[in-house]
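A.B. asks: Before anything else, here's the structure in question.
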Amino acid sequence: MTKELSLVPFSEFSNNLDSFFEQVVRENKEIVIENEQGEQVLLKPAPASKRKHRTRTEADHQAFLASAGGWKDVDTDKLLDDIYESRRTSSRPPVDL
């Protein structure tokens with residue numbers, strides 16, 4: 001079974017972007033847009049992302065708990081001073097034009 005594609009002139013498409021966007025996104029419709037020279041492009045919905053989540057283990061949880069307090073000996077005022085100083089200092093060579 002093939003999907004029936006709608007052929008739309010570019011001028012009509014450019015005047016009704018919102019409408020065509022809704023058709024593609026909400027109705028999962030594919031649209032062919034054609035310019036005056038006869039060149040065509042296919043506008044279709046992007047595939048849904050397949051983001052994989054790793055299942056957290058008990059070892060992950062224990063490692064997280066073990067890291068608590070790992071920065072307790074850090075002098076935060078000095079750390080902030082060092083960060084701001086490194087931002088002021090350029091690490092790149094000057095550009096000669």
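Laboratory data are not the source of any read-out in this text; all were calculated from the coordinates shown. Quick caveat: nothing in here was measured; it's all calculated off a predicted structure. Virtual Cβ from ideal backbone geometry, glycine too; neighbours counted across all protein chains shown.
A.B. asks: List, please: which pairs have Cβ atoms under 9 Å, are six or more places apart or on different chains, and start with a residue in segment 44-61 that is free of Cβ contacts under 8 Å to residues at least 60 places away in the same chain and end with one that is aliphatic (A, V, I, L, M) and part of a helix (DSSP H, G or I)?
C.D. replies: Within 9 Å, the pairs are 44/24; 45/24; 45/25.
A.B. asks: Further question on the same structure: Would you check which residues across segment 42-57 are closer than 25 Å to residue 28 by Cβ and among the polar types (S, T, N, Q) and list them?
C.D. replies: 49
A.B. asks: If you don't mind, another one. Can you list the helices (runs of 4 or more DSSP H) lying wholly within the chain that have 3 or more residues being exposed (fewer than 10 other Cβ atoms within 10 Å of the Cβ)? Give the steps one after another, and end with the answer.
C.D. replies: On the way: elements: 10-15, 17-26, 58-66, 76-88.
Counting at least 3 such residues, we get 17-26, 58-66, 76-88.
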